[in-house]
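Trainee: To start, I am sharing the structure in question, which I have written as structure tokens.
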Amino acid sequence: MTTEQETDVISVLTHDHREVEEMFSELERLDGADAERRGKLTERVITELVRHSVAEEAYLYPAARELIPGGDELADREIAEHAQAERTMKELEETDPADPRHVTLTARLMREIRAHIQEEENELFPQLRGNASASRLAELGHKVQAMKRIAPTRPHPAAPDRPPANKIMNPLTGLVDRMRDALTGRGGE
């Protein structure tokens, strides 16, 4: 596999999807009594989903708008799904892992994300691959990876989800989130 293929935006995002699915599977296997492990794993899931979503909103969806016929409608639908999932993540983040609602909210989040992944992988990604050059896909992959490193780690449902506002605000919010995470020990295992 060449470097372009390894950093191709579709490969990068599909890899993220598989990692999230592994965490979902682990959550499904957990005994409901293991609230501490459920809480830690839920924090990891939320962190990864937020970083992934922010990167898609900054680079994938603008590329879809530009390159795919009907890309505006497709990107708008994907962003709306992100917004719903982010509201679920915020509610989940505020629910004690020992609360029975935590399991219900986790199941809702998994349904939302799995449906979203299926749409991206079966609809958006093939259309993008058919309309973008390999070098453009690699460029987008690099940008997505860079954004994930500085993205927020917590859900912020009211934050902007479209350029240019999201590209300005997300790194600042990400810095604050990472400072909060360091102070609270969130994400450390």
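Trainee: Could you grab me the full set of residues in region 31-47 that are open to solvent by less than 50 Å² (accessible area, probe 1.4 Å) and without any contact (Cβ under 8 Å) to a residue 40 or more places away in the chain?
Mentor: LEU41
Trainee: Could you say whether any residue in region 131-139 is hydroxyl-bearing (Ser, Thr, Tyr) and more than 23 Å from ALA158 (Cβ to Cβ)?
Mentor: yes
Trainee: Still on this structure, please answer the following. Quick check: anything in region 156-170 among the aliphatic types (A, V, I, L, M) and touching a residue at least 12 places away in the same chain (Cβ under 8 Å)?
Mentor: Yes, region 156-170 has at least one match.
Trainee: Shifting gears a bit: Here are some residues: GLU57, GLU66. Which one is touching a His at 6+ places or on another chain (Cβ under 9 Å), assigned to a helix (DSSP H, G or I) and acidic (Asp, Glu)?
Mentor: Checking each option against the conditions leaves just GLU57.
Trainee: Step by step: first the residues of region 165-189, then only those that are open to solvent by less than 50 Å² (accessible area, probe 1.4 Å) and of a type in the set (S, T, N, Q), then the one that is modelled with the highest pLDDT. Which residue is that?
Mentor: Among those residues, the one meeting the criterion is THR173.
Trainee: Find all pairs meeting these conditions: Cβ atoms under 7 angstrom apart; at least six residues apart or on different chains; first residue within region 67-80 and touching a residue at least 60 places away in the same chain (Cβ under 8 Å); second residue buried (at least 19 other Cβ atoms within 10 Å of the Cβ) and part of a helix (DSSP H, G or I).
Mentor: Short answer, once both residue conditions are applied: LEU67/LEU128; ILE68/LEU74; ILE68/LEU128; ILE79/GLU57; ILE79/TYR61.
Trainee: Let me ask another. Criterion first (within 12 Å of the chain's Cα centre (by Cα), hydroxyl-bearing (Ser, Thr, Tyr) and under 21 Å from LEU128 (Cβ atoms)) does SER53 satisfy it?
Mentor: Criteria met by SER53.
Trainee: Which members of region 65-114 meet the condition of being open to solvent by 30 Å² or more (accessible area, probe 1.4 Å) and acidic (Asp, Glu)?
Mentor: Within region 65-114, GLU66, ASP72, GLU73, ASP76, GLU81, GLU86, GLU91, GLU93, GLU94, ASP96, ASP99, GLU112 qualify.
Trainee: Go through (1) open to solvent by 40 Å² or more (accessible area, probe 1.4 Å); (2) over 18 Å from ARG87 (Cβ atoms) and name the single condition ARG162 misses.
Mentor: The failed condition is (2).
Okay, residues lined up against (1) in contact with a helix residue (DSSP H, G or I) (Cβ under 6 Å, 6 or more places away or on another chain); (2) of a type outside the set (Ser, Thr, Tyr); (3) over 18 Å from ARG65 (Cβ atoms):
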{"site": "ALA98", "(1), (2), (3)": "yes, yes, yes"}
{"site": "ARG111", "(1), (2), (3)": "no, yes, yes"}
{"site": "PRO126", "(1), (2), (3)": "no, yes, no"}
{"site": "GLY130", "(1), (2), (3)": "no, yes, no"}
{"site": "SER135", "(1), (2), (3)": "no, no, yes"}
{"site": "LEU140", "(1), (2), (3)": "yes, yes, no"}
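The values are calculated or read from the model by the stated rules, or taken from the named source; none is laboratory data. Just so we're clear, the structure is a prediction, and the values are computed from it rather than from any experiment. Note: ideal-geometry Cβ built from the backbone for every residue, glycine included; neighbour counts use all protein chains shown. For the accessible areas, the whole protein counts, side chains as well, though only heavy atoms, and no ligand, DNA or RNA atoms are used. Shrake-Rupley method; radii C 1.70, N 1.55, O 1.52, S 1.80 Å.
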